[in-house]
1. So which residues in the stretch A:156-194 are crowded, with 22+ Cβ neighbours inside 10 Å, within 14 Å of chain B (Cβ to nearest Cβ) and over 26 Å from the mean Cα position of the chain (by Cα), if there are any at all?
2. Which fully enclosed helices (runs of 4 or more DSSP H) of the stretch A:82-195 have 1 or more residues being of a type in the set (A, V, I, L, M, F, W, C) and under 30 Å from residue A:239 (Cβ atoms)?
3. So residue A:578 clears everything in (1) modelled with pLDDT of 90 or more; (2) in contact with a Lys or Arg (Cβ under 7 Å, 6 or more places away or on another chain) except one condition, right? Which one?
4. Among (1) within 11 Å of chain B (Cβ to nearest Cβ); (2) at pLDDT below 90, where does residue A:328 come up short?
5. If you take the residues of the stretch A:209-241 that are among the hydroxyl-bearing types (Ser, Thr, Tyr) and modelled with pLDDT under 95, which of them is nearest to residue A:491 (Cα to Cα)?
6. Just one of A:570, A:591 is buried (at least 23 other Cβ atoms within 10 Å of the Cβ), within 14 Å of another protein chain (Cβ to nearest Cβ), of a type outside the set (Val, Ile, Thr) and farther than 30 Å from residue A:491 by Cβ; which is it?
7. Within the stretch B:84-94, track down each residue that is surrounded by fewer than 17 Cβ atoms within 10 Å (Cβ to Cβ) and assigned to a loop (DSSP other than H, G, I, E, B).
Amino acid sequence: MIPEIGHILLIAALVVSFVGSVLPFFDLASKKSYSQSYIKPFSIFLFLLIFFSFLTLIYSFLVDDFSLTYVAENSNTLLPNYFKFAATWGAHEGSLVLWTLCISLWLVAFIYSKKEVDNAFTSVTFGIMSQVIFAFLIFTLLTSNPFERLLPFSPMQGSDLNPSLQDFAFTIHPPLLYMGYSGLALPFSLAVAAMMTNNIESSWARTSRPWSLLSCSFLTLGIGLGSWWAYYELGWGGWWFWDPVENAAFVPWLISIALFHSLIVTEKRGLFKNWSLLLSILSFAASLLGTFLVRSGVLTSVHAFALDPERGLFILGIFAFFIIGSLVIYSLKNYKLSPTSIYDLTSKEFGFLLNNLLLVVLAVSIMFGTLFPILYEAYTQGKQVSVGPPYFNFLIMPFAIGLGLLQGVGLYLGWGQTKNFSFVSRVAIEASVLFIFINIVLYLLFGKFNSSAVIASLLFAWIVAGNFLDIIIRGFQANKLRVFISARLGMIFAHTGIAFLVLGIGVVSSFSSEKELILGPGDSYDLEGYSFKFEEINFQKGPNYSAQVAKINITDQEDTLTLISEKRNYTASNQTTTEAGIIAEVFKDYYVALGENVSNDNWSFRLQIKPFVRWIWFGALLVAIGGFISSLGHLRKGS
Amino acid sequence: MNKIIHTVPLVFFGFLVAFLFFSLGNKNDQLESVLIDQNFPNFSLTTLEDANRIIGKEDIVDLPALVNVWATWCITCKVEHPFLMSLKENSVINIYGLNYKDSRDKALITLEQDGNPFIYSIFDKTGSLAMDLGVYGAPETFLIGADGLIKVRHVGALTPVVWEKKFSMFLK
């Protein structure tokens, strides 16, 4: 009975979103300017319908209602309650409902952030958002209905949630990522509404900017968590694999960064209007394309979603409707550049232009690398090829360097033209000091230099000097430290976060050490001066799995640390997962993954030391915090 | 000039959509195409019920029939089990089991407790026949048509919806 209520709520939401999809356009066509008083109650009503529908689905998981196909395929009576709850979005059907819930939440947040909704711009934005919600709801109901019953042949037991998803980081990773993905629907809707109502003055850019930044921040958190999860759960000690699904999130992230930087120029200078409009469309296109790639089965990836061509066709239809539709409007509306659009090569405008070019070209190249295997297969009649990490690693280097160099001084460029270049020497001196200091530390830690680490530390020093040190120093000199910082707080966080990220990547890819070997109890191995001793292995039982638990002692000169590494077998699905044993320190991680039982008590192990790996996620966290500070600050000021 | 530049993204994405549309069509049947309309592979294994009875392809008789890959460790098999039972009870189609990487005792006890929808099960301890069939894991279900060729392959639980969509048309 409860699932039927959920089903009906979802159908009701479909009807409401349909009405919301057409009403604003009737108003627009009839040019009547009557009150759009329905917008607020409609948004909240739509949100509540989807929310309660989602609650019934969670309820069905919590009470083990295996008469629902979706529950039977993704849960199990033995699954701990917390994971039953999270299993709601553990596979395709439930995650789609979550996606829709996220968009409706964005809609409510947007509508309620506006004091004034009685205008064509807001009402058309509402209309486009409703269309997106409608499209995803009809997709869910027709091809991926989580409320479908397995009657009258209901099983007594379910198949269990994919074991590698039974993990804390994983349970919050999808909601954050979907908030980011679906949030890009808002800048998209705002851009289309701006074009349809011919309202592309700076007020549009001012409205759009915090929202695009906010969704980008959610994407940052989601991607960062996914990376952290892959690191400790997959047992390879890698934190980024250039997997198609990772790329599917990385590309919209890059474009959304380009977008809100471009929006700054549109808001402040009235420039780059066409470009900002296009980026608004592109970022949502990238988000939808990611959804398509993951769920259509066109690309195969470790991120297992049920592959169903019918679904792929449906998402492609949604993609075509919104993206092709908006690009048609875009090509028809052709906004003339304003006459004041003269800016110098030394201007802030030009800095932003370079930033955007680098980000977008990088995003397109990554997308190309991701799609290339399909292209190749189509042209060679079925020969297969894969594009791996070497391509992407090689590709990203020059872009990262270009963006980092720009980021260090972008702040000091003047609008129109930069007159005073004294900042160059200032930042250069501060950066040099920092650079030398870091390299001394790195040398003391690792006893050698490495070119990628040197490049990364150079970028780190340059970015931190320009975006943090110099602000502090000047603020201190002017005796206005508080003012200097608070005006730029979000940016300081986000930009230094990028610096930490870059340094972490540079160091961990240069100075990691790894050894695969077989150890028996009592054996030990020296890796980089640390002795890894395999003490013992025990059999343990968890709620829905059994585990081999190995104890390893790591000794350097003085201290001994104990680390537990597990291999779990989840009984319901007979699947094995690795729970790597990790000791995390500021400067390095000790990482031990338990492999196979070779003979008797001899086990294969992968021992790793990963220096600075934490800095990557710490950096990502700073970026996200900065994004939240800045976007929420703008939202509070604006509206 | 400006007008032309403004249609570039449209043209680009138009091509992208067309391209993805066609690659979607290409990809659909790939998983199954290897096996569809091929003969069921030869094998020589014992039955689950009788360790001394050696059977082969010619022992799958009374076509069309289903071959269902199952195991006691596979919980999704328990999900589809009631539906298999109903197929048997309503004499919709003959079902042969392919017991996959399992223990004989456990499998027999399970069948006794839950009911046995199979005429008999092929006992494939090492997964050799499953390998020839390209089985990913349990459960999978194959439909062998009246002409002895494999008509359908389904990965995952067999449900009434899947039955309607993929299988039922071959029985008319």
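1. Correct list: A:158, A:159, A:160.
2. Working: elements: A:92-113, A:120-143, A:168-183.
It comes to A:92-113, A:168-183.
3. All conditions are met except number (1).
4. Result: residue A:328 fails condition (2) only.
5. Looking at the filtered set, the residue picked out is A:227.
6. Working: A:591 fails: within 14 Å of another protein chain (Cβ to nearest Cβ).
Within the list A:570, A:591, the selection yields A:570.
7. B:90, B:91, B:92
Okay, residues lined up against (1) crowded, with 16+ Cβ neighbours inside 10 Å; (2) within 9 Å of chain A (Cβ to nearest Cβ); (3) over 15 Å from the mean Cα position of the chain (by Cα); (4) at pLDDT 90 or above:
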site: B:3; (1), (2), (3), (4): no, yes, yes, no
site: B:6; (1), (2), (3), (4): yes, yes, yes, no
site: B:13; (1), (2), (3), (4): yes, yes, yes, yes
site: B:27; (1), (2), (3), (4): yes, yes, yes, no
site: B:54; (1), (2), (3), (4): no, no, yes, no
site: B:96; (1), (2), (3), (4): yes, no, no, yes
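The values are calculated or read from the model by the stated rules, or taken from the named source; none is laboratory data. As the structure is a computational prediction, the values presented were derived from the model and not from experiment. Quick reminder, even Gly has a Cβ in these numbers, built from the backbone with ideal geometry, and neighbours come from all protein chains shown. These area figures cover heavy atoms from the full protein model, side chains too; ligands, DNA and RNA do not enter into them. Shrake-Rupley method; radii C 1.70, N 1.55, O 1.52, S 1.80 Å.
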